[in-house]
1. Just give me the residues in the stretch 180-207 being over 16 Å from the mean Cα position of the chain (by Cα), assigned to a helix (DSSP H, G or I) and among the aliphatic types (A, V, I, L, M), in sequence order.
2. Which residues, counting only those in the stretch 75-129, are of a type in the set (D, E, K, R) and more than 17 Å from Glu222 (Cα to Cα)?
3. Quick check on the stretch 149-160. Is at least one of its residues assigned to a helix (DSSP H, G or I), within 18 Å of the chain's Cα centre (by Cα) and farther than 26 Å from Ala20 by Cβ?
4. Look at the stretch 50-61 and say how many of its residues are surrounded by 14 or more Cβ atoms within 10 Å (Cβ to Cβ) and out of contact with any Pro (no Cβ under 7 Å at 6 or more places or on another chain).
5. Could you tell me which numbered condition Gly111 fails, if it satisfies all but one of (1) open to solvent by less than 40 Å² (accessible area, probe 1.4 Å); (2) more than 17 Å from Ala153 (Cβ to Cβ); (3) of a type in the set (Gly, Ala, Ser)?
6. Just wondering, is there one or more residues in the stretch 36-43 that are aromatic (Phe, Trp, Tyr), over 27 Å from Val180 (Cβ atoms) and modelled with pLDDT of 95 or more?
7. Please find, among Arg127, Arg42, Arg99, Arg51, the residue that is more than 23 Å from the chain's Cα centre (by Cα), touching a residue at least 12 places away in the same chain (Cβ under 8 Å) and not in a helix (DSSP H, G or I).
Amino acid sequence: MHAPPAPSDVRDPDRALRTACLSQCAAASAAFLLLLGLVAARWGPLLAADRALTVELHAVAVRHSGWTRLNRVLTDWVWDPLTMRLLLLAAVVWLLVRRENRQALWLVLAGTLGWVLQQAAKALVGRERPRWPDPVDSAAFAAFPSGHATTAALVCGALLWLLLLRVPARSPWCVAACAVAFVSVVGVGFTRVYLGVHWPSDVLGGWLLAAAVLTGTAALCEPWRTGAAEPDRPPSS
């Protein structure tokens, strides 16, 4: 006769998901720290690549004022960090009303930690933004990592994950949400470089930081589980 499964085996799906999240968090964190180090050290090849792409896009932005105005509307209103945070807050309230406390906790933790780490990295690196004789937009504070890119990737990633926990991946709603999330994350990164207020590596750093925060907090909160956020208790004998 086969021995009954050990209690730890019953939770293998959860353990596998947690392990996958931790692995992805470690990979994203390592990539972010490497990029942060290269930016802080002002590594020549990275700076040259950043400047080459940014100069090309800025020249286009100067020539095409209509397209530039559209990009400013998108980056200042649609994909602005405040808009993204309000969307995240609305999701937290909705989850709390439904008593899905574990997922609400995950959103709060991810949003807060993402903002704190983003601000800490900006203060640590203190990277200057691009400067132009003919700017088409302006922004304050340090450049690395991009706050717009970090916030959009974190919020869109978290909300998309919550949707995938509720509907089939091939459903029309899920396909549409994936498309919106992809366009938003890539689009806001493009607008920041196109408008000349960020270097491409600032955007990449924001995406990597968001990925690390999302997967790291997911491993801690396990949002795929139902119920409240209290830790499991062993069954009484």
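1. Residue satisfying the conditions is Val193 alone.
2. If we filter the stretch 75-129 for residues that are of a type in the set (D, E, K, R), which is where we start, we get 76, 80, 85, 98-100, 102, 122, 127-129.
Asp76, Asp80, Arg85, Arg98, Lys122, Arg127, Glu128, Arg129, listed by residue number.
3. Start the filter on the stretch 149-160 by keeping residues that are assigned to a helix (DSSP H, G or I), which leaves 149-160.
Those still in the list that are within 18 Å of the chain's Cα centre (by Cα) too: 149-160.
So of that shortlist, the ones also farther than 26 Å from Ala20 by Cβ come out as none.
Looking through the stretch 149-160, none of the residues is assigned to a helix (DSSP H, G or I), within 18 Å of the chain's Cα centre (by Cα) and farther than 26 Å from Ala20 by Cβ.
4. Residues in the stretch 50-61 being surrounded by 14 or more Cβ atoms within 10 Å (Cβ to Cβ) and out of contact with any Pro (no Cβ under 7 Å at 6 or more places or on another chain): 3 in total.
5. (2)
6. We begin by selecting, within the stretch 36-43, every residue aromatic (Phe, Trp, Tyr); these are 43.
From what's left, over 27 Å from Val180 (Cβ atoms): 43.
This time we only want the ones that are modelled with pLDDT of 95 or more, so: 43.
Looking for residues that are aromatic (Phe, Trp, Tyr), over 27 Å from Val180 (Cβ atoms) and modelled with pLDDT of 95 or more, one finds at least one in the stretch 36-43, hence yes.
7. Sole residue among the options that is more than 23 Å from the chain's Cα centre (by Cα), touching a residue at least 12 places away in the same chain (Cβ under 8 Å) and not in a helix (DSSP H, G or I): Arg99.
Yes or no, residue by residue, for (1) more than 20 Å from Cys21 (Cα to Cα); (2) open to solvent by 20 Å² or more (accessible area, probe 1.4 Å):
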{"residue": "Leu105", "(1), (2)": "no, yes"}
{"residue": "Gln119", "(1), (2)": "yes, yes"}
{"residue": "Val125", "(1), (2)": "yes, yes"}
{"residue": "Ser138", "(1), (2)": "yes, yes"}
{"residue": "Ala143", "(1), (2)": "yes, no"}
{"residue": "Arg166", "(1), (2)": "no, yes"}
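The values are calculated or read from the model by the stated rules, or taken from the named source; none is laboratory data. Just so you know, these numbers come straight off a predicted model, no measurement behind them. All Cβ positions, even for glycine, are placed from backbone atoms using ideal geometry, and neighbour counts span all protein chains on display. Just the protein is used for accessible areas: all its heavy atoms, side chains included, with ligands, DNA and RNA removed. Shrake-Rupley method; radii C 1.70, N 1.55, O 1.52, S 1.80 Å.
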